[in-house]
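Structure first, commentary second.
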Amino acid sequence: MSEAKQYTTKNGRTYHNETEVPYMLPTDSKEIPRLFRQHEALKGILDGRFKAPLQDKLEAGITVLDSGCGPGAWLLDMANTYKNSQFHGIDINTDHFLKEGIPANAHFVLGDLAENIPYPENTFDFIYQRLLILGLTTKQWESNLQELYRVLKPGGYIELSEIDCTIMHTYGHFFKKLQEATDICQRARGTRPHIAVELFERANKAGFINVKDNIISKPFCHGGEIGELTRFHIISAHKSFGPHLADIVPEWKEDDVYQEHIKNCEIEAANNKVYARWNVVTAQKPIDKAK
Ligand SMILES: C[S@@+](CC[C@H](N)C(=O)[O-])C[C@H]1O[C@@H](n2cnc3c(N)ncnc32)[C@H](O)[C@@H]1O
């Protein structure tokens, strides 16, 4: 594939041109430190780096794919921890790949995880894919799961982690307005706001076995340290894609007005003591399937 290079600028942030790539978060360098900080937050929120039962194999040495790796926050953390394993990251945005400080067991490659993952069938023991909710259309989720199946070794594991947006409209009226605008914006691009709760069924349908849906629920904007981690993860993402929401809610074209709305969402979440949820789905490719 050739790299998507059609960009658009909104409110000082750079994005893919949505007619080329549906992904809603920025492609600019300001997004890189946010993704690294978000990874640290997610380690606390999701109770560690991964859930698939692969600790011993990672220590002994296996081959791992980070599908949609971004700048490689998860991949680099894993590569520095499990030095006998090889870690490959693919992404459509190579601008975010780091140019230095990459350990010898970490490799970054341009690739579209929905079209053609640039590796032969049965290559990986473990495939990790996190936070593609703002990236893939309905059709792309189907082809993505087929591609993950193809490049996974028989007996290997996938792990898919997504935030559950089905409950956010229940947090209060500020959040309801925010989530409704986000849903409209996502649907206009063909992406799936409720993908987290669909993963279990989609993984089964794609032929994976031993599919487990780990539902994680954590206090959002309250409850001490964990509430601060969830706040950073969810609020910083909404700030990063906020400029798109101004297409749906015209008053949010004024950045001050949008920032105030976000502040009110945080206050609402804290006052109402709401919980945020994630689905982490692990599954295996059957042993008897060579393809
Ligand atoms: C929210 S970021 C998450 C990055 C990383 N998975 C993490 O959790 O830190 C989503 C990433 O998916 C990438 N992406 C979106 N659509 C993609 C596609 N079709 N193929 C490959 N990467 C894609 C984006 O460029 C971005 O780097």
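Rule-based calculations on the coordinates, nothing more; no lab input. This structure is a prediction, so every number in the text was calculated from the model and none was measured. Positions of Cβ are generated from backbone atoms using ideal geometry, with glycine treated the same way; all protein chains shown enter the neighbour counts.
The single condition among (1) within 10 Å of the ligand (Cβ to nearest atom); (2) in a loop (DSSP other than H, G, I, E, B) that Tyr128 does not meet is (2). Is there a residue being within 16 Å of the ligand (Cβ to nearest atom), of a type in the set (A, V, I, L, M, F, W, C) and over 14 Å from Pro71 (Cα atoms) anywhere in the stretch 143-150? Scanning the stretch 143-150, I find at least one residue that is within 16 Å of the ligand (Cβ to nearest atom), of a type in the set (A, V, I, L, M, F, W, C) and over 14 Å from Pro71 (Cα atoms), so the answer is yes.
Here Ile90 clears all of (1) assigned to a loop (DSSP other than H, G, I, E, B); (2) within 11 Å of the ligand (Cβ to nearest atom); (3) of a type outside the set (Phe, Trp, Tyr) except the condition numbered (1).
Residues are listed down the side, and each one gets a yes or a no for (1) away from the ligand (no atom under 13 Å from the Cβ); (2) not charged (D, E, K, R):
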| site | (1), (2) |
| --- | --- |
| Gln6 | yes, yes |
| Tyr15 | no, yes |
| Asp47 | yes, no |
| Ala52 | yes, yes |
| Lys57 | yes, no |
| Thr63 | yes, yes |
| Gly68 | no, yes |
| Asn84 | yes, yes |
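State which residue is surrounded by the fewest Cβ atoms within 10 Å (Cβ to Cβ) when the search covers only the stretch 44-69 and only residues that are among the charged types (D, E, K, R) and farther than 27 Å from Asp112 by Cβ. Residue satisfying both the conditions and the ranking: Asp56.
The set of residues in the stretch 70-82 that are more than 9 Å from the ligand (Cβ to nearest atom) and either buried (at least 16 other Cβ atoms within 10 Å of the Cβ) or in a loop (DSSP other than H, G, I, E, B) (or both) comprises Leu76, Asp77, Met78, Ala79, Tyr82.
Just for the stretch 107-125: of the residues that are within 14 Å of the ligand (Cβ to nearest atom) and farther than 21 Å from Gly190 by Cβ, which one is surrounded by the most Cβ atoms within 10 Å (Cβ to Cβ)?
First, the residues of the stretch 107-125 that are within 14 Å of the ligand (Cβ to nearest atom): 108-119.
If we keep only those that are farther than 21 Å from Gly190 by Cβ too, we end up with 108-110, 118-119.
Details: Phe108: 22, Val109: 15, Leu110: 15, Pro118: 14, Tyr119: 17.
Among those residues, the one meeting the criterion is Phe108.
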